[in-house]
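**Q** Can you read through this structure? Questions will come right after.
The values are calculated or read from the model by the stated rules, or taken from the named source; none is laboratory data. Small disclaimer: the values here were computed from a predicted structure and weren't measured. Every residue, glycine among them, receives a Cβ derived from its backbone with ideal geometry; neighbour counts consider all protein chains shown.
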């Protein structure tokens, strides 16, 4: 079964398919961890353009694409130099729902477009140095700060602070910007509520229909604790069953848990998914200070075992990971065959 719409950039899709057939591909690591290392202040987030903005902006990392593109570009390049094949855009919170916290909803299209353009430029520069190794831009659609399935008020379980329709509109606006900016892939990631993800997938398909063409789509959920379930209560296999209709080229898990704790759930996906499987866990579980202590060597050893067990097609890192982690992970999977696919990836034109 193939999607009815052609791919917007079939040559890039073919390059991605060819690379996935040959080896395990490496996704980059955390953006926030790296930004913290720059010790940026309010002035960095504001730049000159937002100097008079009437709300605090420090912490709005997505805005740095516009005010400190040198920092975001340097982070992308560091991950590419470490061996990443796929770079995630700095757009995790670039939806109107999340940007409302900073009164910057009007910037959503620009944040996504420029986030993809910046990542694209970094990937193009890396490809120019090694043309035999294509690098790909993952346009990131984060979970937003709201959940459509769960009440934020324990005293009113029927209350919701968002809706499917609000999420759909927000995700479509973001997806359009990512496509315009040159993303190779769209990834709905860190999914804690599958209803949010369904809104995102619906919005993406709407945008594809409007353009008469599509991009490959990745879907990555998050198991929130050792219960083995997402925040909205699904097990890994139930999560996959809920999004399989979207025919993603890859499904996976990221965030919340370290590699050791995540392994059993990646194993479940590897058994049921008829597409590629990805895993980009945290650098262990957070310590008492909310920091991550797992070394690159230890994390790479764990993910290397994922690879040798035949569980994954794409690997990388989430919270707490750095270029050193990605370099170690990339080395750990060199020469290891990717997980065998039970069907064609569904990303060929």
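**Q** Looking only at region 215-235, how many residues end up being surrounded by fewer than 16 Cβ atoms within 10 Å (Cβ to Cβ) and not in a loop (DSSP other than H, G, I, E, B)?
**A** Selection size over region 215-235: 1.
**Q** Okay, next question. Given the structure, is residue 158 touching a helix residue (DSSP H, G or I) at 6+ places or on another chain (Cβ under 9 Å) and either over 29 Å from residue 270 (Cα atoms) or free of Cβ contacts under 8 Å to residues at least 40 places away in the same chain (or both)?
**A** No.
**Q** Moving on to the next point. How many residues are in a helix (DSSP H, G or I) and in contact (Cβ under 8 Å) with a residue 24 or more places away in the chain if we restrict to region 23-36?
**A** 4
**Q** When you scan region 38-51, do you find a residue that is modelled with pLDDT of 95 or more, in a loop (DSSP other than H, G, I, E, B) and surrounded by 24 or more Cβ atoms within 10 Å (Cβ to Cβ), even just one?
**A** No: zero hits.
**Q** Would you check which residues across region 236-291 are in a helix (DSSP H, G or I) and touching a residue at least 60 places away in the same chain (Cβ under 8 Å) and list them?
**A** 270
**Q** Is there any pair linking a residue in region 40-55 that is on the phi > 0 side of the Ramachandran plot to one that is surrounded by 15 or more Cβ atoms within 10 Å (Cβ to Cβ) and assigned to a helix (DSSP H, G or I), with Cβ under 6 Å and at least six apart or on different chains, and which?
**A** Close Cβ pairs satisfying both conditions: 47/67.
**Q** When only residues in region 280-306 that are modelled with pLDDT under 95 and surrounded by fewer than 19 Cβ atoms within 10 Å (Cβ to Cβ) count, which is farthest from residue 322 (Cα to Cα)?
**A** 288
**Q** Residue 82 passes all but one of (1) surrounded by 21 or more Cβ atoms within 10 Å (Cβ to Cβ); (2) under 17 Å from the mean Cα position of the chain (by Cα); (3) under 24 Å from residue 252 (Cα atoms); which number fails?
**A** Tallying (1) surrounded by 21 or more Cβ atoms within 10 Å (Cβ to Cβ); (2) under 17 Å from the mean Cα position of the chain (by Cα); (3) under 24 Å from residue 252 (Cα atoms), residue 82 fails exactly one: (2).
**Q** Same structure again: Could you identify the single residue in 177, 212 that is over 17 Å from residue 136 (Cβ atoms) and either surrounded by fewer than 20 Cβ atoms within 10 Å (Cβ to Cβ) or touching a strand residue (DSSP E or B) at 6+ places or on another chain (Cβ under 8 Å) (or both)?
**A** 212
**Q** Out of 63, 57, 16, which single residue is modelled with pLDDT of 95 or more, surrounded by 15 or more Cβ atoms within 10 Å (Cβ to Cβ) and outside any helix (DSSP H, G or I)?
**A** Matching residue, one of 63, 57, 16: 57.
**Q** Follow-up question, since we're still on this one. Test residue 210 against the stated conditions and say whether it is assigned to a helix (DSSP H, G or I), more than 22 Å from residue 30 (Cβ to Cβ) and without any contact (Cβ under 8 Å) to a residue 24 or more places away in the chain.
**A** So residue 210 fits the description; yes.
**Q** Select, from 332, 340, the only residue that is more than 23 Å from residue 31 (Cβ to Cβ) and either more than 18 Å from the chain's Cα centre (by Cα) or surrounded by fewer than 18 Cβ atoms within 10 Å (Cβ to Cβ) (or both).
**A** Result: 340 is the single residue among 332, 340 that is more than 23 Å from residue 31 (Cβ to Cβ) and either more than 18 Å from the chain's Cα centre (by Cα) or surrounded by fewer than 18 Cβ atoms within 10 Å (Cβ to Cβ) (or both).
**Q** What's the total number of residues in region 226-252 that are touching a strand residue (DSSP E or B) at 6+ places or on another chain (Cβ under 9 Å), modelled with pLDDT under 90 and on the phi > 0 side of the Ramachandran plot?
**A** Here the count works out to 1.
**Q** Within region 305-318, can one find any residue that is over 23 Å from residue 32 (Cα atoms), touching a residue at least 60 places away in the same chain (Cβ under 8 Å) and assigned to a loop (DSSP other than H, G, I, E, B)?
**A** yes
**Q** Look at residue 181 and say whether it is in contact (Cβ under 8 Å) with a residue 60 or more places away in the chain, in contact with a helix residue (DSSP H, G or I) (Cβ under 9 Å, 6 or more places away or on another chain) and under 25 Å from residue 105 (Cα atoms).
**A** Yes.
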